Amino acid sequence: MKQKTEQELKQNYERFITFIKKSFTGDRLEKLLHMYSEDELGINLTLSPASGSKHYHNAYIGGYIDHIFNVTKSALKMKELFVSQGGEIDFSDEELIFSCFHHDLGKLGIKGQMHYIPNDNDWQIKNNGHIFKRNEEISYMTLTDRTFYTLNHYGIQYNEKEYFAIKLTDGMYDEDNEKYLKGHDIKKQLRYKLQFIMHWADHMSTIIERQNNINL
């Protein structure tokens, strides 16, 4: 498993907070800084992996923030590619960055409780690569539901574009998204482009991270 030093973990957290300060203003910035403070979800943010299995992606302490940075970088480049191919952008960079930074927020768990905790089953670790497991002391929610619950809990507002971008990031890998992504009824077609940019960026980042994860 990849190991980050305490200094690297601290630097990643500080880099994340700096990016938050550069990207947002006003009430939203204030509430984001509160949510990510060390007294709230700051420790979870710093230590969380992006997944529980080495066969998936970034299953190591600190892997969550690495994934967020990778998705954000990919999304900004995907936006450029989309425009170069004739696509029209109907979202702001703030909306894009907000969606990137919070599409997996549910993986942080709750204040004082991580979503992913070390797996104490040696057989599962050795044979299935399940390095972490879900913390059963936390009420079960889908990660997407936990994401929106957390944003609402901290009073952080998001608009309709950001809602769809976060909800649909996993595309057809989440069965609940089928009602939005399947079908050809023009009255029900998605109105925005942001959720597509998010899905492409997240999927590409995950594939690359998975490749690197397996090769550790």
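Readers should treat all values here as calculations from the given coordinates under stated rules, not as data from a laboratory. Bear in mind the structure is a predicted one, so any value in this text is a computation, not a measurement. Positions of Cβ are backbone-derived with ideal geometry, glycine not excepted, and every protein chain shown enters the neighbour counts.
Between helix 143-153 and the chain, what is the angle of the helix's C-alpha long axis to the longest principal axis, kept within 0 to 90° and rounded to the nearest 10?
80
Can you sort V71, V83 from fewest to most other Cβ atoms within 10 Å of each residue's own Cβ?
Least crowded to most crowded, the residues run V83, V71.
Quick one: Debye curve from the alpha-carbon atoms of the chain only, equal weights, vacuum; give me log10 I(q)/I(0) at q = 0.13, 0.14, 0.17, 0.18 Å⁻¹ to two decimals.
Evaluating at q = 0.13, 0.14, 0.17, 0.18 Å⁻¹ gives log10 I(q)/I(0) of -0.76, -0.88, -1.30, -1.44.
Could you size up the charge dipole of segment 6-214 around its Cα centre, putting +1 on the beta carbon of Lys and Arg and -1 on that of Asp and Glu, and report it in debye to the nearest 20?
360
Test of understanding: what is the full-extension gain from K2 to Q113, defined as 0.36 nm times their sequence separation minus their Cα-Cα distance?
Answer, rounded to one decimal: 37.7 nm.
Net charge within 9 Å of S23 by Cβ-Cβ distance, Lys/Arg positive one each and Asp/Glu negative one each, not counting S23 itself?
0
Karplus couplings for segment 173-185 from phi (6.51 cos²θ - 1.76 cosθ + 1.60, θ = phi - 60°), rounded to Hz, Gly and Pro as x?
Karplus values, whole Hz, x for Gly and Pro: 5, 10, 4, 5, 7, 4, 5, 9, 9, 9, x, 10, 5.
Provide the net charge surrounding F69, with neighbours chosen by a C-beta distance below 14 Å and charges set as Lys +1, Arg +1, Asp -1, Glu -1.
In short, -1.
Rounded to the nearest Å, what's the spacing between the alpha carbon centres of segment 13-84 and segment 147-216? Just the number, please.
Using only Cα atoms, the two centres lie 15 Å from each other.
Counting Lys +1, Arg +1, Asp -1, Glu -1, what net charge surrounds I138 among other residues with beta carbon under 15 Å of its beta carbon?
Value of the local net charge: +2.
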